[in-house]
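**Q** This structure is in structure tokens; I'll ask about it shortly.
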Amino acid sequence: MDGLIDEFFAGLTTDCRGRLPAAPAGLLRFDLTAEDGETATWFVRLAAGRPQVTRTGDRPDCTVEVRPAAFARLLAGRDNLVAMLLRGSVSVVGDLALLFTFRRLLPVPADSTGTDPSADLVPHTAPHFIGLHETTSVFAGNLFMISAQNGDVLTEPTTPLGLFSFDTRFLSTWRLTVNAEPLSVLSVDDVATYEAKFGLVPGEPTHYVNATTSVLRHRWVGPEFEEEITLFNYAPEPVRYVVRLDAAADFAEVLEVRDGFRRSRPVTATVAEDTLRLHYKRGGLHRETVITSSTPARFDERGLTWTFTMAPHDTWSTRLRVLALLRDLHRRDLRERLTSSVGRNHHQRGRDIADRTAVVPRLRADHKPLQQAYEYGVRDLAALHYPGLNFQTALPATGLPWSMALLGRESLISSFQALPFMPDRAVNTLRILALSQGVRQDPFRGEQPGKIVQESRYGDSGAFNDTPEAASFTAADTTALFVILLDEYERWTGDEDLVRRFEFEVRAALDWLDTDADPDGTGYVWSARHPTRTGPQNESWRNSAEAICFHDGRPATFPQAICEIQGYAYDARRRAARMARRFWADPAWADRLERDAATLRERFDRDFWLPERGHYAVALQGDGTPLDSLTSNMGHLLCTGIVADHRAEQVVAHLFSPALYSGWGIRTLASTAAEYNPLGHHTGAVWPWENSMIAWGLRRAGFRAHAGRIATGLLDAARHFQGRLPAYLTGYDRAITHVPVPHGFTDSPYAPSAGAPLMLLRALLGLEPYEDHLAVDAAMPEELGQIELLDIRGRWGYADALGRGRPFSDRPTR
């Protein structure tokens, strides 16, 4: 085994040509300590795209401690680096980005399937449902607390209530009573995304008219969860109080809660030194909840009790502190030894959000729903970041509660939407996805060299390779979207250095489009079939098994060439050609990319167009059979430029037909299809982010009035949610319901929905970067009135955009 490791390190200098980007650079130290305590040490310096290997070195930038057997499993492809880090099989001190870059030197063949794949994961027969609109939440990074409106958490295993951190529920019970009575709500004040106050009284709601006791719960989240409880006694005499806080943790993973599954997890509760510790252990992975109080309490294994007598018109208070710890094999918190692990209190958290929003363009809009939706979108995008375990910059988070993690597609889309407003989100997204780019052939994770990751989570099922969620590559669209975002970012900012920095990653991404994405050389990107706990999925954004189907409901076979992914591939090649010609001094490659894109456009029109239906197929099966269902997917094609000019009007007519357009937006699946369900998130729902991108595509294709129609429909819907658009709306027709019907179990806030008002503004004002100036060509419906967007940052410095609504003809100006 040691010989295999020695051979690997000894061969690095000769076997690594073309496998490393130029950055990041630095020195790694590998300490491989055997069971008998003997340690073998290797130093690897990464510089200028090449490694240098020695047995001695000084002051490493990253030190890696690992058992030889564990490292041998990694070399053999039977394990994954992220999973090993999460469960404590590898310990890292310093800059983890260097270790992620070192991954590129590992042998390519891999299959990291776990040895115990979810055998003890069973579905709930009768999951308890609570709509997220019935709850209140606070969040900072990926630490968040969702509770009932009185601040309590009392969960069945599949309710979304609790304190979550790093995809794990650290509190599943958090219930406050006063003299054995539950608390009723007087008011809830969402002070900030990370702070909330609850005004409460003991007893049932019918009792509090004459109540003499009131309670204030004030909570924050930051690097930890804190809650201050204050009692007020307004009685004319002293009152004896027994205040009880029940606390428990089930350490369930957030995706288990969402999907209605449960795993038996043994949890131990111990009391020592005025502290309650709730602990779960699996192998070398430790999860621990630590609860303390600022005032003396009687602790037991199920919570805390305070007993006291309070004078008339007196107050009593205590502050509770809850730590959510991810410990490794040595019982150290995983984050404490990494260079990016710097604690931030809630005041710093507020400053982080304020700093991100301070430089955002100022909007003055006559249309109040637009003004409100813009302000909510900016605030939510600023708040939806998390520190991760590893990288020094904040990583983009996607949504609360199910997606408070790195999701590749959603991060790329929300970053694209926010480019004219918050370009730093794009930088962070590109950096993390470049570092996480696929380097191995691992069918369990869908990983392939050059492919961009879709999902990275921290739950124990990912840590033990029960599921691929620690690093899942099960998306066929993220790779092209990565290239598209990089090019669009440079067009807005003029940041040539970042484009040059990611030339290596873009070339690897384009190689993937030409090879693993198209194994039979058909010229298309194909989506594979991946098993999950809830059934098989395809690799598109509408990844439900039933989403890609025939009009009559027949399921499709795999592999599938899904229409919008071909559009993304077309756009990515054209954009890569621009970057190759302008920044990478490779005009020959640029010419080839442009020829390939042109050929793809011709082939796509030939194979996907359904003349008898007048629209594009949603996908092709592996045998070339087109799937004829009418879907929103073809709206994405307008954004990419792949639509043949003479087809555009027919495409737009279908998008706004009664079958697809609900009045609030375009449905994912036409109401005339056999699989249509207005409650189906991929088979009839309306997604704001998708509609905002379609609106931009309509505007680019010259259909100004139609873009305005989507904008007004979405903004009308946003008005019913106080400006914050959820991840998706049900697909009921507006004429029937008169109000948008939310789905109670979806993310809100949700980064791509927060970005939707920003994308609509870009479409309405006709904002397009053109060399070193910003082109503005406003075209807005009359009811929107006047819009002023001031101090738009870009390569031109600062610019303003002004537009005024006016009547439109339905005929496009092109």
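None of the figures in this text is laboratory data; all of them are computed from the coordinates on show. What you see is a predicted model; the values in this text were computed from it and never measured. For neighbour counting, all protein chains shown are included, and Cβ atoms are generated from backbone atoms with ideal geometry for every residue, glycine included.
**Q** Can you tell me the relative contact order of the chain? Whole percent, Cα pairs under 8 Å, sequence separation 6 or more.
**A** 10
**Q** With +1 assigned to the C-beta of every Lys and Arg and -1 to the C-beta of every Asp and Glu, and no other charges, what is the dipole magnitude of the chain about the Cα centre in debye, to the nearest 20?
**A** Here the chain has a charge dipole of around 840 debye.
**Q** Another question, then. For the residues Ser293, Ser165, what sequence is obtained by ranking on other C-beta atoms within 10 Å, fewest first?
**A** Ser293, Ser165
**Q** Follow-up question, since we're still on this one. Might you report the magnitude of the Cβ-based charge dipole of region 719-814 about its Cα centre, with Lys and Arg at +1 and Asp and Glu at -1, to the nearest 20 debye?
**A** 220
**Q** Follow-up. Testing the spin-label approximation: label points 7 Å from Cα along Cα→Cβ at Lys281 and Ala311. State their distance in nm.
**A** Rounded to a tenth, the inter-label distance reads 4.9 nm.
**Q** Let me ask another. Picking from Ile736, Pro781, Gly114, whose Cα lies most toward the positive end of the charge dipole for the chain (charges on Cβ: Lys, Arg +1; Asp, Glu -1)?
**A** Pro781
**Q** How many nm is it between the label spots at Arg500 and Arg50, if each spot is 7 Å from the Cα in line with the beta carbon?
**A** 2.1
**Q** While we're here: Dipole size in debye (nearest 20) for region 472-521 around its Cα centre, Lys and Arg Cβ +1, Asp and Glu Cβ -1?
**A** Using Cβ point charges on Lys, Arg, Asp and Glu, region 472-521 gives about 140 debye.
**Q** Something else now. log10 I(q)/I(0), Debye, Cα-only region 2-105, no solvent, q = 0.12, 0.18, 0.22, 0.23 Å⁻¹?
**A** The calculated log intensity ratios at q = 0.12, 0.18, 0.22, 0.23 Å⁻¹ are -0.36, -0.86, -1.35, -1.49.
**Q** Give the order of Trp589, Trp174, Trp402 when sorted by the count of other beta carbons within 10 angstrom, beginning with the fewest.
**A** Neighbour counts put them in this order, fewest first: Trp589, Trp402, Trp174.
**Q** Calculate the length of the line joining the C-alpha centroid of region 354-409 to that of region 504-556, in whole Å.
**A** Taking the Cα centre of region 504-556 as reference, the centre of region 354-409 is 29 Å away.
**Q** May I pose another question? List every residue whose amide H lies under 5 Å from the amide H of Leu171, counting only residues 5 or more places away in sequence or on a different chain, with H placed 1.01 Å from N in the peptide plane.
**A** Excluding prolines and chain starts, which carry no amide H, the hits are Leu163.
**Q** Test of understanding: what is the full-extension gain from Glu134 to Thr177, defined as 0.36 nm times their sequence separation minus their Cα-Cα distance?
**A** Result for the pair: 13.5 nm of gain on full extension.
**Q** Scale the Cα Rg of the chain by the rule-of-thumb value 2.2 N^0.38 Å and send over the ratio, two decimals.
**A** For the chain, the normalised Cα radius of gyration is 0.97.
**Q** Also, quick follow-up: Can you list which of the DSSP-assigned H helices in the chain have a Cα extent of 20 Å or more along the long axis and an average Kyte-Doolittle score of at least -0.5?
**A** 478-493, 704-719
**Q** Let me ask something else about it. Remind me, relative contact order of region 1-56 in percent, using alpha carbon pairs under 8 angstrom and six or more residues apart?
**A** Numbers: 77 pairs, mean separation 19.9, N = 56.
Computed over region 1-56, the figure is 35 percent.
**Q** With 10 angstrom as the radius, rank Met759, Met780 by how many other C-beta atoms surround their C-beta, starting from the fewest.
**A** Met780, Met759
**Q** Please give the Cα centre distance for region 27-91 versus region 197-256, rounded to the nearest Å.
**A** When both Cα centres are located, 49 Å separates them.
**Q** Continuing with the same structure: Tell me the label-point distance for the pair Arg795, Thr230, using the 7 Å Cα-to-Cβ offset, in nm and rounded to one decimal.
**A** Distance between the two pseudo-spin positions: 5.4 nm.
**Q** I've got another one for you. How large is ³J(HN,Hα) for each residue in region 169-186, as worked out from phi by the Karplus curve 6.51 cos²θ - 1.76 cosθ + 1.60 (θ = phi - 60°), to whole Hz, x for Gly and Pro?
**A** 8, 8, 9, 10, 9, 7, 10, 9, 10, 10, 6, 6, 9, x, 9, 9, 8, 9
**Q** Send over the semi-axes of region 121-327's equivalent ellipsoid, whole angstrom and largest first, taken as the square roots of 5 times the C-alpha gyration tensor eigenvalues.
**A** For region 121-327, the semi-axes come out at 30, 19, 15 Å.
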